[in-house]
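The values are calculated or read from the model by the stated rules, or taken from the named source; none is laboratory data. Keep in mind it's a predicted model, so treat the numbers as computed, not measured. Neighbour counts are summed over all protein chains in view; Cβ atoms, including those assigned to glycine, are modelled from backbone coordinates with ideal geometry. All accessible areas refer to the heavy atoms of the entire protein, side chains included, with ligands and DNA or RNA removed. Shrake-Rupley method; radii C 1.70, N 1.55, O 1.52, S 1.80 Å.
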Amino acid sequence: MAGARILEGRPIADRIRNDTANRAAVLREAAIVPHLSIFVGEGDAEGAYYGDALRKVGSRVGVEVSIDTVSAAEGTRSMIAALTGAAANHKVHGIIVQRPLPRGFDIYEINRHIPAAKDVDAASPISFGWLAQGVPHFAPATAAAVIQMLREPGLPQLAGTRSVVIGRSAVVGRPVAYMLTSADATVTLCHSRTRDLEMICRSADILVAAVGKPRFVNAGMLKRGSVVVDVGTNLIDGKVIGDVDADSVAQIAGVLTPVPGGVGVVTTSILLRNVVAAAEHGTI
Ligand code: NAP
């Protein structure tokens, strides 16, 4: 790799984790233990693995993380019952339902049952509505991680940039597009039916790849000197590969986030910080 500045997520994540740990310590002194409840659909091994990773990071910053697997037999109904319990439990400050859920769970129905005050990954329609209006309570953690990285010193101001997002999922692409819009970027949101994708990408000062296809973005799709954020995490032969062909893209881009060690680590840190913020709000 040569050329592009590699924008590592680790130092940003460490900064957020230090802040989170300090704030969690203050809460713990007041006998409040910040707690995140994660619900995983039965059979979602990846979701369980991610939950476990969050628990490990949580233990380092003073956030307790519990993981409950919800039976697929009565998927949606069981999940709603579990969420209702967590919503009423004053010891639970944050709730996330691991997405995508396995078959048998209706994610849209389920998300309605996450109360906004505990919706630390902004999955509920209320949180999403606030985000769309430009006044988020909590922002979805991955999208917030993308924006946090784009605001690092030395990067261009977001206002006025041409920004292109590839991928329009409710979890990543759409929230990123809303947050970039709120930051005064001019945003084009692309998807599998987009015509002239390469040409659109070549107009981008900032390109965010959230496609779910390994090495999808190549050097031929870039404007020289652009900022490229790789959200992709594709597990190939036991290795995590991004949506960006890093070797070729680094020759043309001005800035590139790596995978692993980029958006992912920042996302985890933001999620835990949101839990602490939710616990703080509960004390006011
Ligand atoms: P998703 O739900 O599968 O959405 C993929 C999006 O890419 C869709 O909007 C799809 O278009 C679009 N797409 C697919 N093929 C395309 C093509 N040939 N040209 C243009 N657009 C195309 O995936 P996701 O949940 O958004 O996740 C995206 C990636 O981010 C995955 O690799 C995932 O693992 C990763 N991820 C990372 C984090 C993190 O914190 N680092 C968190 C969540 C997800 P249509 O809508 O038309 O189908």
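Details
- The distance linking the range 206-284 with the range 36-90 is 24 Å (Cα centroid to Cα centroid, whole angstrom).
- Using a probe of 1.4 angstrom and keeping all protein chains present, the accessible surface of the chain works out to 47 square angstrom per residue.
- Shown in residue order for the range 230-242 are the 3J(HN,Hα) couplings computed by the Karplus curve 6.51 cos²θ - 1.76 cosθ + 1.60 at θ = phi - 60°: 9, 8, x, 9, 10, 8, 10, 6, x, 10, 8, 10, x Hz (x for Gly and Pro).
- P(r) tail fraction, the range 39-123 - alpha-carbon pairs more than 16 Å apart, %: 50
- Cα-based helix-to-principal-axis angle, 45-61 vs the chain, degrees rounded to 10: 80
- Spin-label pair residue 29/residue 106, simplified geometry with 7 Å Cα→Cβ offset, distance in nm: 4.8
- Taken over the Cα atoms of the chain, the convex hull encloses 126 Å³ per residue.
- Relative packing of 108-121, 267-280, 5-18, which averages over residues the other C-beta atoms within 10 Å, highest first: 267-280, 108-121, 5-18
- Taking every lysine pair in the chain that is 8 or more places apart or spans two chains, those with Cα atoms closer than 23 Å amount to 6.
- Helix-only CD estimate at 222 nm, as mean residue ellipticity for the chain, using -39500 (n - 2.57) per DSSP H run (n ≥ 4): -13000 deg cm²/dmol
- Taking the accessible area of the chain, probe 1.4 Å, and keeping the other protein chains in place, the carbon and sulfur fraction comes to 52%.
- Calculated P(r) tail over 25 Å for the range 173-284, as whole % of Cα pairs: 28
- Degrees, to the nearest 10: 141-150 long Cα axis against longest axis of the chain: 40
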